[in-house]
1. Determine the dipole magnitude for segment 120-298: charges of +1 sit on the beta-carbon of Lys and Arg, -1 on that of Asp and Glu, nothing else is charged, the reference point is the Cα centre, and the result goes in debye to the nearest 20.
2. Can you tell me the relative contact order of the chain? Whole percent, Cα pairs under 8 Å, sequence separation 6 or more.
3. Per DSSP H run of n ≥ 4, the term is -39500 (n - 2.57); total these for the chain, divide by its residue number, and report the mean residue ellipticity at 222 nm rounded to 500 deg cm²/dmol.
4. Please list the radius of gyration and Dmax for the chain, considering alpha-carbon atoms only, with Å as the unit.
5. Looking at the chain as a GNM with Cα springs under 10 Å, which of Pro329, Pro270, Pro42 has the largest mean-square fluctuation?
6. Translational D (Stokes-Einstein, µm²/s) of segment 120-298 at 4 °C and 1.567 mPa s when Rh comes from the Kirkwood sum over C-alpha pairs?
7. Taking a cut-off of 20 Å, what percent of all Cα-Cα pairs in segment 130-202 are separated by more than that?
8. Give the peptides 337-346, 304-313, 140-149, 217-226 in descending order of average Cβ contacts within 10 Å, highest first.
Amino acid sequence: MTLNLVPFVSVERMMQLVLHLGVERVLCDLAAEIEADFRRWPAFDKTPRVASHSDVGVIELMPTSDGETYGFKYVNGHPSNMKKGLQTVTAFGLLADVATGYPLLLSEMTILTALRTAATSAMAAKWLAPAGATSMALIGNGAQAEFQALGFKAVCGITEVRLYDIDPEATAKCVTNLAGSGLRVVACGSPEAAIEGAQIITTVTADKQYATILTDNMVGAGVHINAVGGDCPGKTELHRDILLRSGIFVEYPDQTRIEGEIQQLPADHPVTELWQVIAGQTPGRTDARQITLFDSVGFAIEDFSALRYILAKARQTGHFDNLDMIADPDDPRDLYGMLLRAACRP
């Protein structure tokens, strides 16, 4: 491949690729890729994401490298966008060769972030949820909801999803989209009704504020909580008392203590890094009555895994376009000459 041509996966190409492979297959594949990279966690550069906050949202860069390949994601979070007919979250990402610095892939990541977030949630639940769990409450039925439901079905074997959102239209949308998925879908009128009988509780709400989506009395022994919506300073979903009763598992503590549910707790409150569970260095769930909490904020290594997967599948299937992104003069020292010669073209 000519080095100045960089594979580009547009929104259209991403949709073609995901539909070609199948949504549930992609979710399973991504969960496996992310888990494999968690097993080699020490190989990666790690830093909290670089965030620019405003009164209405946040814009972030999420970089990492394993020493051979570099990756980053640009992502925003603007909860008020929905009222303007815009996405709350948009994203794109890039992979590059560490040896040369040349880009290897440019990709949309609005769809891919939804897929990798659901895959990460389900991958974590595989290690932390109660054995034999079949029912999940899904509180917050916006853009992430269907991906979460299908991820837990494909990876964890969930057969029932119980839906609640403060906006009944969001729940109706989710019910329609999950029709024919093989899941038993139950629309509920309250979060308490959604939680009834569920062994897994996923919260994925969007408002940028300290919120109490789950109160302490709503959470009984033995459940697994997948807290997805709290992902920046000043934004949480769970009452603090729930955290004090839970075994808490995180991606990267330096980031989660700033952005996750545990921003409500002292900086020395004990948490377990999920990669250590996957690598066999520490136990996950320790007994049937334990409450486990995956305080998910999203970390750059997950995006790195997703981008590498998409690059491989795009090359296999041809679902990409080439972008002429890199100047490629005949003589690397003669960039200006390349510009001059372009003026002489007919």
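We did not get these values from a lab; they are worked out from the coordinates using the rules stated. Being a predicted model, the structure only gives us computed values, none of them experimental. Quick reminder, even Gly has a Cβ in these numbers, built from the backbone with ideal geometry, and neighbours come from all protein chains shown.
1. Numbers: 12 positive and 20 negative charges, 90 e Å.
It works out to roughly 440 debye.
2. Details: 703 pairs, mean separation 73.8, N = 346.
Relative contact order comes out at 21 percent.
3. Values: 11 runs with 119 residues, N = 346.
Computed ellipticity for the chain at 222 nm equals -10500 deg cm²/dmol.
4. Using the Cα atoms of the chain, the pair Rg, Dmax is 21.1, 76 Å.
5. Pro329
6. 81
7. Cα-Cα pairs of segment 130-202 separated by over 20 Å account for 17 percent.
8. Values: 337-346: 8.5, 304-313: 22.4, 140-149: 24.2, 217-226: 19.1.
Those peptides, ordered most packed to least, come out 140-149, 304-313, 217-226, 337-346.
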